[in-house]
Amino acid sequence: MLKIDYRLNPGRELNRENFEIDLKQKPLISIVTPYYNSQKYIEETANSIFNQTFPYWEWIIVDDESTDEEAVTKLETIKKMDSRIKVFRKNNEGPAAARDYALKRTNPSTKYIMFLDSDDQIDKTYFECCYWTLETHPEASWACTDVINFDGQEFLWRKWYNPEWEKDENILMMCSFVRKSAIEEVGGFGLKEKKIYEDWYLWLKLIKAGKFPVRISSLLTWYRIKPLEESELRKSKSENDKRALKIVESVKRDIVYTKPGIQYPKQDYDWDTIIENYPNIVNVKKSKNKKTNILMIIPWMVTGGADKFNLDLISRMDKEKYEFTIISMLPSTNDWRQDFEKYATVYDLTSFLDRKDWISFINYIINKNNVDIIFNTNSQFGYNSLPYLKAKYPEIPIIDYVHMEEWYARKGGFSRDSARIKSVIDKTYTCNGNSKKIFEDYFNKNKDEVETVYIGVDEKKFDPELLDRNQILEEYKIVPNGKFIISYICRIAEQKRPYLFVEIVKELSKKRSDFLIVVAGEGPFLSEMKKRIKKYRLEDKFVFLGNVKETRKVYKISDLTVNCSIKEGLALTSYESLSMGVPVVSVDAGGQKELINSSVGVVVPCMQKETDIWNYNYKEEEILNYVVGIEKVLNNINDFKKNCRNRILNGFTIDNMVQKMEKEFDSLKQNPSNEKIENGYGLKRNIEITKELITQYLIESKSEYEWMANKFNADNIHIILKYDEKAKKEQFYEKTLEYKIKHPIVVLLRRIGIYDKIKQIIGWEKH
């Protein structure tokens, strides 16, 4: 479940980007803001605009005859902060009339209108994402994003655009990015009413004119829901409802045909080439600085060891020396995005661009940000793109970080991907020495081009002295009664072999009863895992905590951590467990032996081939080896515990990792490989081949990507409520169920080309 920190609103502080401004370039975006006694919030709104990663805008604020002197003074102060701000004053006629007034005063060069109320805010990449999605979709008339509602109420607004739904209920926010030509075509708002559903009225006018939007599936808009006593609209809503709805109905009844919008991430696409550049996209250039600018290409920002490494890296490196831009490429809720955004500019390409346009956007970012180093980790798209990027930018060093080799995935996974294009990669980093050796022995990589950098752990955070064990036991409602607590902390998925763990507990219970199992994590195998536990009558041995963000608490109450994963780089749980003073019994996978020695735990030989990951019949010998290892630790628990934390302090901390990576970055920037540069120039003469590698990957991965997009949209399509009345919740669940039943049928009908015909026959639409 995606969790949002509602305190991290984008306007809370000012962090202006510095650009090399092209004085010949006139504004492309006009921000339109009605203002009426809004001094309380306008500064944060302004900050969110000043922080934008796209500079070619103007901001037109219309003071709708504010009555508060402080409000007028505040507006004058805001105006002086930036020459791109224009302030006008007019007689009070309501927000719709104020917006129309502003529209008439926009720069003739303006291509897009952004409606932003004086108390709302936008993510710093909002302009850039909306601009790119509409430039690459000239057929669409506006862009709308997912919304974070904050202040008075806190919930997320993630709704699939459906014009038929829009006719019944306004599901679109006023904060949208609209083509100026489309607004002019429908005559703007054209309302003199002061308190009216003017946004709904505008969307219906656009729909009536055959227009449709692009829905960006990213939480880029922050919409303030004021407390009831502050909202003038809410106070007078009841008296205006009938009149307002009558005006809306006057448009609604004339809509005879609607067009579906474009939804991201795309659940299907039909093209067989990539677009390298868009000549009409305006050139944007950030001012050069002394920092090393790093472009990091990753799959997503979710809860996992590789993602934790990425976050630790960007958060710990010297902010005065390094600057990061993050590009993610797989449909996901991106649970950790807010954490990444504290230290980097983040673009989730799946949320606003077709896959064919990704390379064009990456070109734009490399040139815009004066990128010094390209850093790819765990991204298959990235690996297929690196030859092209080396051909395009031979002087830019390329590095990658490989967390593990996966023999069940592409016969080596990312290790194989990396080795396949070793001629363009300046340096490869691995999270353990075993992976480095595999690169040298199996993939013929030069040992000087592969370096081990242990991911490490934050020993200051994972310190057992910071937490109270009894308090945590009480919180989790766990009563050990003198029993040892054994923790199993992971995503309950195939790779972690949860069924093997159940077999281990079954055999251990035959020998002793003085233990309790705590499972922290969720995943696709959890349900079956519980069934097997029930089958063996082990329910009294297990406590399930679900997903636990604060894993320190679990380690604090644990006496032992067990890892059964068939494949690991070097497990994050092992680092964290030892740092918290808890010994580990682990499978011999990846670099586990490099961390877990005989003084802090037991390493058990894996007796299952990695390529047999889907075989759930485990060897009795491996099960018994685990049992022996667990008993050895439990019978000598104090001897093991006293050595654990020192093992981490002696070379396995995050600070060690960061220092080493900083040294590597500096070395690569100052002394890039001449051989790789020459290889890049060689590829430059054959760049069409490198483009074909990207296209080939996108075509081959089409089905998997569409499946992921479909799942993401099914899980995130409706409003997610934190606070709301019972009726709204019931409506939410009802619509969610309806979608899950209806949507797959609609997709099928569209694919076979009869959906529109059926709609006509049954009267869903009229021509």
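Read-outs: derived from the displayed coordinates by stated rules, not from any lab. None of the values given here were measured: they were computed from a predicted structure. With ideal geometry, Cβ positions are generated from the backbone for all residues, glycine too; neighbour counts draw on all protein chains shown.
Within the shell of other residues whose beta carbon sits under 12 angstrom from the beta carbon of residue 514, the net charge comes to +2, with Lys and Arg scored +1 and Asp and Glu -1.
For residue 709, neighbours were defined as the other residues whose beta-carbon sits under 12 Å from its Cβ, and their charges (Lys and Arg +1, Asp and Glu -1) total -1. Under 5 Å between amide hydrogens, built in the peptide plane, is the criterion, and for residue 59 it picks out 31, 85, 86 among residues at least 5 positions away or on other chains.
How large, in Å, is the chain by the Kirkwood hydrodynamic radius built from its alpha-carbon pairs? By the Kirkwood definition, the hydrodynamic radius is 28.7 Å. Taking the fewest neighbouring Cβ atoms within 10 Å as the starting point, the ordered list for 110, 452 is 452, 110. Label the range 15-92 by shape, choosing from rounded, prolate and oblate, from the square roots a ≥ b ≥ c of the eigenvalues of the Cα gyration tensor; if a/c is under 1.5 it is rounded, and otherwise prolate applies when a/b is larger than b/c, oblate when it is not. Prolate is the answer for the range 15-92, as a/c is 1.5 or above and a/b outweighs b/c.
Amide H contacts under 5 Å for residue 515: 484, restricted to partners 5 or more places along the chain or on a different chain, H placed in the peptide plane at 1.01 Å from N.
Within the chain, the selection of entire DSSP H helices by a Cα span of 27 Å or greater along the long axis and an average Kyte-Doolittle value of at least -1.0 returns 726-751. In percent, rounded to a whole number, the relative contact order of the chain is 12, using alpha-carbon pairs under 8 Å and six or more apart. Each other residue within a Cβ distance under 12 Å of residue 361 adds +1 if Lys or Arg and -1 if Asp or Glu, for a net charge of -3. The label-point distance for residue 692 and residue 192, in a model that sets each label 7 Å from Cα toward Cβ, rounds to 6.7 nm.
Of 77, 690, how do they rank once you tally other Cβ atoms within 10 Å and put the fewest first?
Values: 77 12, 690 22.
With the sparsest Cβ surroundings first, the list reads 77, 690.
Hey, what does the equivalent ellipsoid look like for the range 29-263, semi-axes from the Cα gyration tensor as sqrt of 5 times each eigenvalue, largest first, whole Å?
Working: eigenvalues 127, 93, 61 Å².
So the three semi-axes of the range 29-263 are 25, 22, 17 Å.
Magnitude of the charge dipole for the range 464-652, about its Cα centre and with charges confined to Cβ atoms of Lys, Arg (+1) and Asp, Glu (-1), is about 340 debye.
Structure note, pairs 167/259; 392/702; 3/167; 461/556; 266/702: Cα-Cα distances above 19 angstrom occur for 392/702; 3/167. When the charge dipole of the chain is built from unit charges on Cβ atoms (+1 for Lys and Arg, -1 for Asp and Glu) and taken about the Cα centre, the candidate among 333, 677, 49 whose Cα reaches farthest toward its positive end is 333.
For the chain, a crude dipole built from +1 on the beta carbon of Lys and Arg and -1 on the beta carbon of Asp and Glu, taken about the Cα centre, is about 840 debye to the nearest 20.
Among 54, 462, sorting on how many other beta-carbon atoms sit within 10 Å of each Cβ, with the fewest leading, yields 54, 462. Close amide H pairs (under 5 Å, H built 1.01 Å from N) link residue 596 with no residue at least 5 positions away or on another chain. For residue 460, the aspartates and glutamates whose Cα comes closer than 12 Å to its Cα, not counting residues fewer than 8 places off in the same chain, are 576, 655. Between the range 19-93 and the range 642-688, the C-alpha centres lie 44 angstrom from each other.
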